1. Looking at (1) of a type in the set (Asp, Glu); (2) at pLDDT below 90; (3) over 30 Å from residue 113 (Cα atoms), find the lone condition where residue 82 falls short.
2. Of (1) modelled with pLDDT under 80; (2) surrounded by 10 or more Cβ atoms within 10 Å (Cβ to Cβ); (3) more than 20 Å from the chain's Cα centre (by Cα), residue 108 satisfies all except one. Which?
3. Filter region 111-121 down to the residues that are surrounded by 11 or more Cβ atoms within 10 Å (Cβ to Cβ) and part of a loop (DSSP other than H, G, I, E, B), then identify the one that is modelled with the lowest pLDDT.
4. Check region 89-105 and report whether any residue there is at pLDDT below 85, within 30 Å of residue 127 (Cβ to Cβ), outside any loop (DSSP other than H, G, I, E, B) and not assigned by TED's automatic domain parsing to the domain that holds residue 123.
5. Name the single residue, out of those in region 61-79 being surrounded by 15 or more Cβ atoms within 10 Å (Cβ to Cβ) and part of a loop (DSSP other than H, G, I, E, B), that is modelled with the lowest pLDDT.
6. Does at least one position in region 39-60 carry a residue that is at pLDDT 90 or above, over 17 Å from the mean Cα position of the chain (by Cα) and not in a helix (DSSP H, G or I)?
7. Residue 34 - would you say it is outside the structural domain of residue 109 (by TED's automatic domain parsing), at pLDDT 90 or above and not in a loop (DSSP other than H, G, I, E, B)?
Amino acid sequence: MSTFGARLREARKNIGLSQKEVAGRTGIGQSLLSELENDHYQTSGYVFQLAAVYKVSARWLAEGKGPREISAVELLDDPSMERLLKRHNQADAATQALVLHLLREANQSRPEWMTEGAASAIENARQLIKEQMRAAQLGLDVKK
């Protein structure tokens, strides 16, 4: 069975964040994150906050028990997910359909109602955004 620190490190690396990035998102000091990942503590009061950032089950993170995936209940308890769900429900039908299309699995084909041109434009926009996000992470100027 893995240790608390090993699960923390694994979860952080699985979403591609550095300790510095996690510290910036959570307000938890980078040195404390390092100590947690190196098993200086058996558990932490930050488990729920870190589980939300890492998108894993708080129980799995703290104890190594249960499914690693975040449960629907935990997901709905996340205030940012609650806001997102409310915004989605308040959006018009076209916006909801676009969001669902953007979140589809890569192997799913476009909906019957969507033209090939619209699907292509959406995919081009998705790729452009990915490139700009990568450039921003590298500190490159993306405001061209």
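The values are calculated or read from the model by the stated rules, or taken from the named source; none is laboratory data. On a predicted model such as this, the values are computed, not experimentally measured, just so you know. Methodologically, a virtual Cβ is constructed for each residue, glycine included, from the backbone with ideal geometry; neighbour enumeration extends over all protein chains shown.
1. It fails just one condition, (3).
2. For residue 108, the failing item is (2).
3. If we take residues in region 111-121 being surrounded by 11 or more Cβ atoms within 10 Å (Cβ to Cβ) and part of a loop (DSSP other than H, G, I, E, B), then 111 is modelled with the lowest pLDDT.
4. Taking every residue of region 89-105 in turn, none turns out to be at pLDDT below 85, within 30 Å of residue 127 (Cβ to Cβ), outside any loop (DSSP other than H, G, I, E, B) and not assigned by TED's automatic domain parsing to the domain that holds residue 123.
5. So, considering only residues that are surrounded by 15 or more Cβ atoms within 10 Å (Cβ to Cβ) and part of a loop (DSSP other than H, G, I, E, B), the one modelled with the lowest pLDDT is 78.
6. yes
7. Spelling it out, residue 34 is indeed outside the structural domain of residue 109 (by TED's automatic domain parsing), at pLDDT 90 or above and not in a loop (DSSP other than H, G, I, E, B).
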